[in-house]
Amino acid sequence: MRRRRSIVVGVDGTESARDALDWAAAEAAVRRLPLRVVHAYAAVPSWAVLGELPQPYENVGVPDVARSVTEEAVRRARQVASELEISTRLLIGAGAPALLAQSGDAELLVLGSRGPGGVRGLFGGSVSFRVARHAACPVVVVRPMQPTTPGRSAARVVVGVDGSHRSECAVEFAVRAAAQRGVGVTAVHAWSPRGTADLAAVTDDWSLAEAAEWRTLQRFFAPWRSRLAAAQIELRLVQGRAQDVLVAESAGAALLVVGTRGRGSVRAAIAGSVSQAVLHHAGCPVAVVRR
């Protein structure tokens, strides 16, 4: 009998991680999957080398504090879904490698993002991007809630489409997520004029290029329409850089889904820059789906 895969969530006691935990617990409950809570800690923390003892560690050892992080996470997850099947993993090591090691048999890996600002913000962003780019399963980064004016795709699932195989995986994930939530999908294709239309500003060529991009988007998404049941699909062709277009569309959305090839070619690095930008600036949780 095939063992059920789990929703894996990384926790570290921060508010960002608690948001990720709430999201992961709700997702596990809806999918009827177990939740695996993972916390990584350093065997020799920096304060031990410096000879400084922070307040939380005065009367207990590092493993005790680390264990309390997972115990608090389990209690919080139970508040979201009381019947949830929950397991914990307490690991020694850095956060990104620990989470990546757990991604091999995971259905989905969820972690928080501390957002921009300061050394911790940059560190948090680097961990989320590294995990999203190299995990063996889809990764959802739950960004801090920010006051924002909802965009035209508010409460919908937004997916970036570029016509490549990378997009196929992202669209499949987005269609499933939208059907699960009973909402619509907004498929966004960003494009920029090129060639003679760009250099000579020939209106007819510009229109032809736009029409060709629109046909590509429609043709690419056609097979997915029948799989979304009652949820509505909206196709959007927007001129501009992909990361700017997707960030703007994400304001108030239920989820933003992007694809990535992972490491490799120059084109993969460009695709990676798009996913990195949305991980830092999107106005909703971001799912990164590798081929």
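The values are calculated or read from the model by the stated rules, or taken from the named source; none is laboratory data. In this text, all values refer to a predicted model and were calculated from it rather than measured experimentally. A quick note on method: Cβ atoms are made from the backbone with ideal geometry, for glycine too, and the neighbour counts reach across all protein chains shown.
Brief remarks on what is shown
- Search result, residues across region 15-47 that are among the polar types (S, T, N, Q) and modelled with pLDDT of 90 or more: Ser16
- Annotation note: Cβ proximity below 7 Å between a residue of region 148-166 that is part of a helix (DSSP H, G or I) and modelled with pLDDT under 90 and a residue that is of a type in the set (Ser, Thr, Tyr) and surrounded by 15 or more Cβ atoms within 10 Å (Cβ to Cβ) (sequence gap 6+ or interchain) occurs for Arg166/Thr260.
- Of all residues in region 237-277, those satisfying the criterion of being within 15 Å of Val140 (Cβ to Cβ), at pLDDT 85 or above and in contact with a Ser or Thr (Cβ under 7 Å, 6 or more places away or on another chain) are Ala253, Leu256, Val258, Gly259.
- For region 5-33, filtering for residues that are of a type in the set (Asp, Glu) and closer than 17 Å to Ala106 by Cβ leaves 1.
- Selection of region 77-120 for residues being in contact with a Pro (Cβ under 6 Å, 6 or more places away or on another chain) and at pLDDT below 95 yields only Gly115.
- Just so you know, in region 221-236 the residues that are surrounded by 16 or more Cβ atoms within 10 Å (Cβ to Cβ) and either on the phi > 0 side of the Ramachandran plot or part of a loop (DSSP other than H, G, I, E, B) (or both) include one that is modelled with the highest pLDDT, and it is Leu228.
- Count of region 77-94 residues which are surrounded by 15 or more Cβ atoms within 10 Å (Cβ to Cβ) and in contact with an Asp or Glu (Cβ under 9 Å, 6 or more places away or on another chain): 3
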